[in-house]
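**Q** Please read through the structure below; I'll follow up with questions.
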């Protein structure tokens with residue numbers, strides 16, 4: 001038996017909304033016959049795509065086999081057929097839209113950040129709790145194959161006592177003058193909700209909390225390295241948001257984590273994001289998909305000698321972890337988890353409260369940058 005579940009999908013005409021949430025998640029779930037439930041039945045998704053540009057939304061719906069689309073968000077939210085509201089539009093609009101959907105009794109699933117400031121985030125968390133709607137926020141990086149391999153290493157005791165985490169994220173985003181930028185121009189305008197810290201520190205919050213230890217404090221320095229860029233129409237504009245940030249985090253249990261994040265760095269590493277984890281019994285380096293390891297008893301013994309060319313090929317001393325399981329798209333995996341949570345009350349921990357923790361760490365990082373000091377991260381309650 002297969003039942004249907006109406007889903008309002010708002011903000012899916014952008015790059016992330018189209019590629020990850022529509023094409024590789026919802027459309028893929030529909031193509032496989034829906035989400036398999038614990039009793040052996042399935043629930044099929046019946047999305048309605050919402051956007052301001054009717055032609056663009058209609059074309060997107062047709063391309064992905066979606067029957068329903070509209071420019072009338074209020075009508076879609078009011079329709080009792082639709083039980084879930086999903087939002088991937090701009091962060092500045094998100095709290096207002098979530099509030100509207102929650103008050104209409106819809107279950108909530110949304111992109112991060114859930115707001116641009118912590119009081120607003122906590123207000124939405126409290127409203128969802130008081131209204132009794134199920135809620136979730138995207139935490140896709142936990143489901144990357146590389147990070148799932150790190151989790152399996154941690155759970156097996158491979159690291160021994162974990163000591164440190166060093167993350168490198170980013171790539172060169174072209175300024176837009178002689179070559180088109182790979183990211184939208186609003187990402188580089190503070191007044192439009194842009195900025196590296198707002199965009200990425202909320203990711204690092206859930207990655208660090210779930211894999212290495214809850215964040216206790218942060219020291220962060222942001223920068224706007226390139227002050228002028230060119231928009232989608234080829235017009236120059238002032239970049240008012242940070243395009244890079246360098247943050248150190250103190251975690252529960254004593255682990256020290258550091259993240260370099262930049263849209264103005266050229267890549268000389270194996271992936272666009274890498275995590276190097278060191279422990280007393282072993283170390284690992286993970287990217288989006290692959291992970292290499294080096295245990296204590298297979299660690300080289302280098303000796304510092306600047307007068308001699310290095311004789312050890314360090315990379316050859318690491319071992320690549322095998323793909324012992326199949327990894328589905330991380331966004332799709334989390335969509336399926338949330339659908340099971342809504343339909344059969346399956347456990348689900350990636351709630352709006354977890355999204356609020358991300359916003360909290362963003363604010364702490366921005367405060368650290370402004371005041372040039374360490375900032376403690378208190379426990380959040382509503």
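Here, each number is a calculation from the coordinates, and none is a lab measurement. Since this is a predicted model, take the numbers as computed values, not measurements. Glycine also receives a Cβ, built like all others from the backbone with ideal geometry; neighbour counts cover every protein chain displayed.
**Q** Between the alpha-carbon centers of the stretch 208-283 and the stretch 174-195, tell me the distance in whole angstrom.
**A** Going from one Cα centre to the other spans 18 Å.
**Q** Please compute the volume of the convex hull spanned by the alpha-carbon atoms of the chain and report it per residue in Å³.
**A** Numbers: hull volume 64.0 nm³, N = 382.
Spelled out: Cα convex hull of the chain, divided by residues, is 168 Å³.
**Q** Now for a separate question. For helix 330-344, report the angle its Cα long axis makes with the longest principal axis of the Cα atoms of the chain; keep it between 0 and 90° and round to the nearest 10°.
**A** 50
**Q** Take residue 370 and residue 333, extend 7 Å from each Cα along the Cα→Cβ direction, and tell me the distance between the two endpoints in nm.
**A** Label-label distance for residue 370 and residue 333, simple model: 3.7 nm.
**Q** Which angle from 0 to 90°, rounded to the nearest 10, does the C-alpha axis of helix 196-211 make with the longest principal axis of the chain?
**A** Once rounded, the angle reads 80 degrees.
**Q** Let me ask something else. Taking the alpha carbon gyration tensor of the stretch 1-149, what are the square roots of 5 times its eigenvalues, largest first, to the nearest whole Å?
**A** On the way: eigenvalues 100, 75, 60 Å².
After diagonalising the Cα gyration tensor, the semi-axes are 22, 19, 17 Å.
**Q** With 15 Å as the cut-off, how large is the P(r) tail for the stretch 295-382, expressed as percent of Cα-Cα pairs?
**A** Summing the P(r) tail past 15 Å for the stretch 295-382 gives 79 percent.
**Q** Sticking with this structure for a sec: If each of residue 223 and residue 129 carries a label point 7 Å out from its Cα toward its Cβ, how far apart are those two points in nm?
**A** Here the answer is 4.0 nm between the modelled labels.
**Q** Can you give me the angle between helix 118-131 and the longest principal axis of the chain, using Cα atoms only, in degrees from 0 to 90, rounded to the nearest 10?
**A** Its long axis makes an angle of about 50 degrees.
**Q** May I pose another question? How long is the gain from residue 238 to residue 166 if the chain were fully straight, where each residue apart is worth 0.36 nm and the alpha carbon distance is subtracted?
**A** Values: separation 72, 0.36 × 72 = 25.92 nm, distance 3.17 nm.
So the extension gain works out to 22.8 nm.
**Q** What list of whole percents do you get for P(r) of the stretch 114-209, with Cα-Cα distances grouped in 10 Å bins up to the one holding the largest distance?
**A** 11, 30, 30, 23, 6, 0
**Q** Let me ask something else. Based on DSSP H runs of at least 4 residues, each adding -39500 (n - 2.57), what is the mean residue ellipticity at 222 nm of the chain after dividing by all its residues, to the nearest 500 deg cm²/dmol?
**A** Mean residue ellipticity, 222 nm, calculated: -9000 deg cm²/dmol.
**Q** Just order 210-219, 82-91 by mean Cβ neighbour count inside 10 Å, highest at the front, would you? Please list the in-between numbers first.
**A** On the way: 210-219: 19.6, 82-91: 22.7.
The most tightly packed comes first, giving 82-91, 210-219.
**Q** Additional query: What number do you get for the stretch 282-331 when its Cα radius of gyration is normalised by 2.2 N^0.38 Å, N = residues?
**A** Against the compact-globule rule of thumb, the ratio is 1.57.
**Q** For residue 182 paired with residue 267, estimate the spin-label separation in nm (one decimal), with each label point 7 Å from Cα along the Cα-to-Cβ line.
**A** 0.5
**Q** Quick one: grab Rg to one decimal and Dmax as a whole number for the stretch 333-382, Cα atoms only, in Å.
**A** Taking only Cα atoms of the stretch 333-382, I get Rg and Dmax of 15.6, 48 Å.
**Q** Still on this structure, I have one more. Work out, step by step, the length gained on full extension between residue 303 and residue 326: first 0.36 nm times the residue separation, then minus their alpha carbon distance; give nm to one decimal.
**A** 4.2 nm
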